[in-house]
Every structure is written in structure tokens, then in C-alpha cells.
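Take a look at the structure set out below.
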């Protein structure tokens, strides 16, 4: 077993374990923390698949920003009493299970199918996911939209200050 | 390198003036008058540069934007609308105690977004332009922060607008999946050649895109937000977003339509029929709803929905005559609608008072000049010759007949007749009824400049339309290769 495969397997097992922990923990904070762990395991998976950029974004956006939001919501809602969270075996559970089964079937179908007339991807396509390749197209082909987004962010920044600030002189 | 940069000078200048320079100036100068003058100068300079660079046609930044031609014509139109609204907004906001330097920053950033839409040759740039314009509008419509109606308008506009942006971006993603490109030219050749690999995917994507744009121009069935937002927003903002915003959405639609609607494939035929139906229903719904309104701002909001329906007629077949008609109509509509809304703003009281039809009773005696100007704008909106609105409608009707959509023209004429009912109703109210209640008027201040310019423009567009159409023809749409 080569090192990348070994690492991939380790991260995969970690991802499954933390995902299971996320849905089985009764304590919401513990569940949220397991989700953070899950995101980090996914980051590891992306890295072994040569997608450094997606890995960095995964840490910044999901493990960083979105999880802070989740923890804030848990804090503000003050869900200390876990009794409230004990779900009734109703519609939600049935639909959830159904969706999970469908998703699993789809994944298995896609990975096991052998489409005819298709060859393996060339090695050069692996380079698409690297930060270098994305940076290069960002500052050449997509330079104009990239710069335009900065004005968009500026307008959003000014706007949110104007609308949210209590006292304006 | 130098001549290449010359082409994008209008965009670069407004960009620098808004971003790097504007922020530094506003950090040190806390003088509203200076900031107002600075941004007024920025828009004027941008408009002049757009005229100067109009002949430099081409694409730039790896085919992301087009320069020269009709995009520059729209630049001039957006800057003019921005300048007129800015001048009218200053006395209005001062009176309602809502003036802040940042209002002018946001107005110029909205103009920048519109210019991006007009110059776009790539869906990504279109989307960024739409968002830049919309975000500026969301904030501007909530600018009277102590007025509950203004805040409500901003929230409503923001939530629905964000939803519409979702449709827009998802539509673009599906079109990318179906055609393999986001560039207008490549999408167009993929559609027209009937060589689409995933026609269903493209049809869903195009439908979502049309839904997103229908929201932005307030066309049926996504027009419901417009009356509420236009009524609640500060009147000076309503004047700007109901004109510039609509013109900008059309400036982005024209290049897309000129490649997608021009062929004779199956997909093209379906798209043409869809747009024609949306256009017909939009003008009927807008005009019929406007009759029932007792609030002048709401009435004008519904009528602006109808005007979006008229302008859609020019999109239907994607021909040059259709786009020329839209450009002309957008120009005339911008001046007449800004003029009408500015007068409504002058007559308005705090907390949305004095906006009912009855408040306009006897205006002809109390304020003969304002009443006369309001009548000119209303006649032009109704499409009565010899004003700008009449000639715009004529061009649109002719282009729809040329495209083989005679039934659409019949619907348009019928709905124009319906619209005369409520436009003339307001004129009759102003001249043939006795004034009642509070009759004190506030001075118009520098908004008088806006009114004077708009009036001259509306009359000039009606009397010498040949001049402006020849200008439009000499700045033709940049056809993508």
C-alpha cells in the first residue's frame, strides 16, 4: 500500500467516524465539534486528491466561517435541554433515511459503472485543481471579473455599515 | 498597450474614482457638498469619456467585455440618469433629514454596475454587474432609516432580489453545462447551429436566466415586488432605479438576445414565443393594475412595469431594429420617468404624506409650472405625440411587426389605450378639480435643474427623433464574432 492510498484510507475512516459522531451526539456542541472534525478530514481527502485549492477553501469557508455561524446559533438559541431535540420517528426521519439511501445508491452506481468509450483522464488534468493553476487563470483570463468583485465587495461593505450602524453623524 | 487601455477608459475612470480615490477623499473630507460635487464630476467625466471612446470598438480582457458602440451609448445614458437623480436627490434628502455622503458613493457604484452590464460579453461579468447594481439599490431604498416604509422596502427588495440572483446564477451554470462556454458569442453559435448536446439542460438554464432578468426588470409574473419597493423607497431613489436599473437590465439582455433569438432553430422559436407572451402579459397587467391605484407613486410603479413590457417587444426577435428601438425607448423613458418621479418627490411630505391622487387636485392653479411639466411627462409616458415616448413606442411596434409578431403589437396598442385612462386622469385631477386641504408647497431647489433637462430631452426626443436615432445607428450593437 503506497503512502497516498494509506493517507486516503486514514482520512476516509476519520471522515466516516466523525460524520457518525455528528449525527449520534445528543449534545449539540459536541455534534458541532464532530462536524468540524469531519470538515478537516475532508480537507485531508482533497489534499490527497491533488486539489489544494479546494482544500484551503474547505478550511477557510466550512471549518472556519460556517462552523462559527453554527456555534453562534447554538449559543443564541441556548439549546441546553436535549429533551427538546429528541426527535419523533415521523416524516423527517423517513424522508431523511430515504434520501440517504438514494444518495448511497447514486454514489455506488457512479463509481462502479464502467462507461464505454471513455479513457482515463490525462495527467495534465490533475493540475487543474492546484492553487497555481487557479491563480494563473484568475489573474489572466479572469482578471477583469476578479477586479470587478472588489468593487462589489466595497459597495456591500459601505452598504452594510450604513444600514446597521446605530448613530450616523 | 496604450490604445488598448484607451478603449476601457470610461470604466477605468469611474472605477478609480469610486474605489481608490473616492475612499481616500471620503476618509478625510467630511463635507457633503464637496463629496456631492466630486461624484457629480466623476459621472460627468465618465460620460464625456464614453463619448470620446465610442468609436473604439472591440473586445478586451480575453473577451470578457466589449467596448465602444452601443455599450458606450448606455454609459452616457446611465451617467445622465445618475447625474439627474443625484441633483434631484440632494434637496429631497436634505428636506427629509436623510442625507449622508455615502448616498452618492452608492449611487455611483450602482452606475458602475450598470456599465459593467452594458459592457459585458461574458455571463460572469453580467452577474457581477447585476449584483453590484442590486446591492447598491437595496441599501439606497432603505436610506431613510427612520422611516419604517423605507426599511420595509429595502428588506423586501433584498430578500426577493437575492432569490432572483439565485435563479440567474443557476441559469448561467446550466447554460455553461449545455454549451461549454459563458461567452455570449460561443453560446450563440452553439444555439443557432442546433448542435446543442443537451437541449433540455439549455432550455432549463435559459428559462431560469429569463426568470432572473424578469425579476430585475419587474416583468410579469415576477413584478409583485416593484410597487411595494418603489412606493417605500425614497422617491429620488425610485426615480433612479426604475429607469437606470431597467435600462441596464435591457443593455445586458440585448447582446444575449442578438445571438440567441436571431436564428431559426427550435430553441430560438420557443424562446421568442416565451418572451413575447411575457411581454404581452406584463404590459396588460401593469396598465390595468395602475388604473386601480390611488397613490401616485404606486400608480407610476405599475406603469413602469408596463413600460418594461413594451421594451421586451424589442427583444423578441433579436434584430438590430429591435435593439435600436429599445435603446431609443430606454432613453426617452429615463427622462420622462425621472421627471415625473422628481415632481412627486417635490410635492411629497414627511412619512410619505401627500402622495394620494386627491392631493394633486388643483395643482394647476397652485403650482402652474410643476403641473405643466408633470402633464408633459405624463403625456409622454402615455405615448402621445409629439413627445419622446410616442416615437419610442412607434419604433418598438414597428420592430415587433417586422418580426412577425403582429398580435403582440395589437396587445401593445390596446394596453397603451388603457394607460391613457390613468395618465389623463391625473392631468384632469390637476387642472379641473378644486384644491383641498394642505396646499403649502416646498421649494424645489436644485431639483429644478433635473426638471428642466428632462423636459427639454423629452420634447427634443419627440420633435427631432431622427437626430438621436442616427446617433444610435452610428453606435451599433457590438456583434460578437
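Computed quantities for the displayed model
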| item | result |
| --- | --- |
| Label-point separation in nm, residue B:5 to residue A:133, each point 7 Å along Cα→Cβ | 3.3 |
| Within 10 Å of each Cβ in B:114-125, the average number of Cβ atoms from other chains | 2 |
| Pairwise FRET efficiency - residue A:143 versus residue B:452, Cβ, R0 = 51 Å, nearest 0.05 | 0.75 |
| Where a label projected 7 Å from the Cα of residue B:266 along Cα→Cβ would reach, residues of the stretch B:185-226 with amide N under 17 Å | B:190-207 |
| Shape of the stretch A:1-67, Cα gyration tensor, a/c cut at 1.5 | oblate |
| Likely footprinting exposure, B:327, B:285, fewest C-beta neighbours within 10 Å first | B:285, B:327 |
| Point-to-point label distance, residue B:407-residue B:295, nm (Cα→Cβ direction, 7 Å offset) | 3.6 |
| Inter-part distance where the stretch B:256-300 and the stretch A:1-74 are each reduced to a Cα centre, Å | 48 |
| Two-site label geometry, residue B:20 and residue A:73: point separation in nm, points 7 Å out along Cα→Cβ | 4.2 |
| Inter-chain shielding of B:132-140 (mean C-beta neighbours from other protein chains, 10 Å cut-off) | 4 |
| Fewest-first ranking of B:335, B:61, using other Cβ atoms within 10 Å as the exposure measure | B:61, B:335 |
| Least to most buried among B:419, B:80 (fewest other Cβ within 10 Å first) | B:80, B:419 |
| Normalised alpha carbon radius of gyration of the stretch B:2-474 [divisor 2.2 N^0.38 Å] | 0.93 |
| Relative contact order computed over the stretch B:2-474 (Cα-Cα under 8 Å; 6+ residues apart), in percent | 14 |
| Zone of residue B:273's modelled label, taken as backbone nitrogen in the stretch B:163-192 under 20 Å from a point 7 Å along Cα→Cβ | B:191-192 |
| Overall form of the stretch B:224-306 per C-alpha gyration tensor (a/c, 1.5; a/b vs b/c) | oblate |
| Tilt relative to chain B, helix B:32-52 - C-alpha long axis, 0 to 90 degrees, to 10 | 40 |
| Tensor-based shape of the protein assembly as shown (alpha-carbon gyration tensor, a/c under 1.5 rounded, otherwise prolate or oblate) | prolate |
| Other protein chain Cβ atoms within 10 Å, averaged over every residue that makes up A:139-150 | 6 |
| Gain in span if fully extended, residue B:471 to residue B:148, counting 0.36 nm per residue against the direct Cα distance | 111.8 nm |
| Ranked packing of B:231-239, B:374-382, B:40-48, B:409-417, most packed first, by mean Cβ within 10 Å | B:231-239, B:374-382, B:40-48, B:409-417 |
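Read the figures in this text as sums done on the coordinates, not as results from a lab. Please read these numbers as outputs of a predicted model, since none were measured by experiment. With ideal geometry, Cβ positions are generated from the backbone for all residues, glycine too; neighbour counts draw on all protein chains shown.
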